[in-house]
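Take a look at the structure below.
The values are calculated or read from the model by the stated rules, or taken from the named source; none is laboratory data. A quick note: this is a predicted structure, and the numbers were derived from the prediction, not measured. Note: ideal-geometry Cβ built from the backbone for every residue, glycine included; neighbour counts use all protein chains shown.
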Amino acid sequence: MPGALASFIWLVGTAFELAFVVCSITRKSFFRYFFLNLYFLAVIASSVTRYFFLARFGQGALEYRYAYFFTDVLLTLALYVALISLYSLVFAELQFARYVRLTATLLLLGTALFSYAVVAQSSERLVTTFAYELSQNLYFVGLVLTYILWGAILKLRETRTRLVQFVLALGVYFSAYAASYALVNLASKYSIVFFLGPIVSCLLPLACTITMWRHSEESRLVPAQLVTVER
Amino acid sequence: MIWSVTIFVLSVATLLMFFVSYCRSLMASSSRHPLSREVRDVTGIPALPSGKDFVRVVQLLQLCPERPEDRTGLQAVGLYFKILNVVQRSLAQMIPSLQTWTERELAGCTSFAVVVLDRRIAFSREILAQQGEI
């Protein structure tokens, strides 16, 4: 079973995720940001599923590992879809939403095929390794796509506060998660690094909840103030 | 090992970029807030605040009842302010254009803190008014 600190981080994260969903319902924005809400609901569901498998079979059991990796790939897929939904919102006025969806589907298929090609040659447990590889690759694709979306937001001089802050929160989350992952590989002898990933995971729902709570759909930013180097 | 170091360096770089933009978006979202005469009198800050006033404004903020919705934004901007201070004392000494940029950003942090102070003063008044009604 996880220790006291891990359980505390898990509880805090789940509370923030729930807060986001409740907040978007009370602010009447649940369907506008449906896929972001769906992602946070999926995180809560996967946490409960993982806890159930952990309590029933234990941390070393194969059943728990299967549950962990499959919920992980489902969550990454849900986050990918949430990110694409933000793309659709940014490009909605340019009538590009259909092309965005088509490109996203092709990119997802390409990532899945690439992941399959990587694991097909060398693995015995094809399904779990494929889930792990797909999850990792989709995270990387997610980071790159967030970077591109941020570029598009600056270029299009997007002013919607909520949209801008959701994209930035996603950017912070993706890059901090990647940094924590690299740190685990670099300094695995320090147990503190294993808590960085879960802590980072709490920041995304926290930032999104604050944005949803503080700003209405009509809130606007001055686009020039977002650019680090003024034009 | 090399891959992990590369991933770490790149992800920290993108993290910083997104964090800076996130803080700027927090500051930009409060830039349209008209400041009351009270907050100008209390802080003694003229039309354009400077980075030097930030610590004093934060001290004034601690005297007011806290609004939960401001806390995280202020913490993020406070962290941004500290990072900017480090940049100003190190890299900006060598690059003059960076010096100008950090000063402008530090002033932006102060403006954000002043807006939060203004909201807290209004919040305190509301609480006092409610207590008066009771």
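Given the residues B:SER21, B:SER4, which is the only one that is within 14 Å of chain A (Cβ to nearest Cβ), modelled with pLDDT of 85 or more and either part of a helix (DSSP H, G or I) or over 16 Å from the mean Cα position of the chain (by Cα) (or both)? Break it down stepwise before answering.
Values: B:SER4 fails: modelled with pLDDT of 85 or more.
None of the others qualify; the one that does is B:SER21.
Any idea which of (1) of a type in the set (S, T, N, Q); (2) without any contact (Cβ under 8 Å) to a residue 40 or more places away in the chain; (3) within 25 Å of A:SER216 (Cα to Cα); (4) surrounded by fewer than 18 Cβ atoms within 10 Å (Cβ to Cβ) is the one B:SER31 doesn't satisfy?
Of everything listed in (1) of a type in the set (S, T, N, Q); (2) without any contact (Cβ under 8 Å) to a residue 40 or more places away in the chain; (3) within 25 Å of A:SER216 (Cα to Cα); (4) surrounded by fewer than 18 Cβ atoms within 10 Å (Cβ to Cβ), B:SER31 misses just condition (2).
Quick check, is A:ALA92 surrounded by fewer than 16 Cβ atoms within 10 Å (Cβ to Cβ) and over 17 Å from the mean Cα position of the chain (by Cα)?
Numbers: surrounded by fewer than 16 Cβ atoms within 10 Å (Cβ to Cβ): yes; over 17 Å from the mean Cα position of the chain (by Cα): yes.
Spelling it out, A:ALA92 is indeed surrounded by fewer than 16 Cβ atoms within 10 Å (Cβ to Cβ) and over 17 Å from the mean Cα position of the chain (by Cα).
Which ones in segment A:31-85 are touching a residue at least 40 places away in the same chain (Cβ under 8 Å), of a type in the set (Ser, Thr, Tyr) and under 30 Å from A:LEU149 (Cβ atoms)?
Across segment A:31-85, the qualifying residues are A:TYR33, A:TYR39, A:THR76, A:TYR80, A:SER85.
I'm trying to understand the selection: among the residues of segment A:113-135, which are assigned to a helix (DSSP H, G or I) and surrounded by fewer than 17 Cβ atoms within 10 Å (Cβ to Cβ)?
Once the filter is applied, which keeps residues that are assigned to a helix (DSSP H, G or I) and surrounded by fewer than 17 Cβ atoms within 10 Å (Cβ to Cβ), segment A:113-135 yields A:LEU113, A:PHE114, A:TYR116, A:ALA117, A:VAL118, A:ALA120, A:LEU126, A:VAL127.
Go through (1) over 19 Å from A:SER135 (Cβ atoms); (2) surrounded by 18 or more Cβ atoms within 10 Å (Cβ to Cβ) and name the single condition A:ALA42 misses.
If we test A:ALA42 against (1) over 19 Å from A:SER135 (Cβ atoms); (2) surrounded by 18 or more Cβ atoms within 10 Å (Cβ to Cβ), just (1) comes out false.
Being more than 25 Å from A:PRO205 (Cβ to Cβ) and either among the acidic types (Asp, Glu) or assigned to a helix (DSSP H, G or I) (or both) is the filter here, so list the residues in segment A:57-76 that pass it.
A:PHE57, A:LEU62, A:GLU63, A:ARG65, A:TYR66
Quick test of your reading of the structure: B:VAL9 fulfils all but one of (1) at the interface with chain A (Cβ under 8 Å from one of its Cβ atoms); (2) farther than 20 Å from B:GLU105 by Cα. Name the failing condition by number.
(1)
Can you tell me which residue among A:LEU134, A:LEU143, A:LEU102, A:LEU106 is over 21 Å from A:LEU38 (Cβ atoms) and either free of Cβ contacts under 8 Å to residues at least 24 places away in the same chain or under 16 Å from the mean Cα position of the chain (by Cα) (or both)?
Matching residue, one of A:LEU134, A:LEU143, A:LEU102, A:LEU106: A:LEU106.
So in segment A:169-220, with the set limited to residues that are in a loop (DSSP other than H, G, I, E, B) and of a type in the set (A, V, I, L, M), which one is nearest to the other protein chains (Cβ to nearest Cβ)?
Among them, the one singled out is A:ALA187.
One line per residue, one yes/no per condition, for (1) in contact (Cβ under 8 Å) with a residue 12 or more places away in the chain; (2) within 10 Å of the chain's Cα centre (by Cα); (3) at negative phi:
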| residue | (1), (2), (3) |
| --- | --- |
| B:GLU66 | yes, no, yes |
| B:THR100 | no, no, yes |
| B:GLU103 | yes, no, yes |
| B:ALA107 | yes, yes, yes |
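Which residues, taken from segment B:58-76, are within 14 Å of another protein chain (Cβ to nearest Cβ) and either of a type in the set (Gly, Ala, Ser) or in a loop (DSSP other than H, G, I, E, B) (or both)?
Correct list: B:ARG67, B:GLY73, B:ALA76.
Going through segment B:27-57 one residue at a time, which ones are assigned to a helix (DSSP H, G or I), more than 8 Å from chain A (Cβ to nearest Cβ) and of a type in the set (A, V, I, L, M)?
Here is the first cut: in segment B:27-57, the residues assigned to a helix (DSSP H, G or I) are B:27-29, B:37-43, B:51-57.
Restricting the remaining residues to those that are more than 8 Å from chain A (Cβ to nearest Cβ) gives B:37-43, B:51-57.
The answer is B:VAL39, B:VAL42, B:VAL55, B:VAL57.
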